[in-house]
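Take a look at the structure set out below.
Every read-out reported here was derived from the displayed coordinates using simple, explicitly stated rules and does not represent laboratory data. On a predicted model such as this, the values are computed, not experimentally measured, just so you know. Because the Cβ atoms are built from the backbone with ideal geometry, glycine has one as well, and the counts that use them run over all protein chains shown.
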Amino acid sequence: MIEVTRLNNTKVLINPDLIEFVEETPDTVVTFTTGRKIIVKESRQEIKNLVKLYRKDIFTY
């Protein structure tokens, strides 16, 4: 799971395996394979880096 921040400053954990795509419109919108969407404070690049770190961490065990 990766931690992101909603616009109201609440932290949530999301499953990066369910992310379908991330877009900046200018807010960052994360769309999941389920069709659900959330708007977060992190940039598209920050989300990308978090997912890469998550996957790297999983495959090192």
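Dipole size of the chain about its Cα centre, with +1 on Lys/Arg Cβ and -1 on Asp/Glu Cβ: approximately 80 debye, rounded to the nearest 20. Just one of (1) 16.0; (2) 11.5; (3) 11.8 is Kirkwood radius over Cα pairs in Å as worked out from the coordinates here. Which one is it? Only one listed value fits the structure, namely (3). The angle separating the long axis of helix 44-59 from the principal Cα axis of greatest extent in the chain is about 20 degrees.
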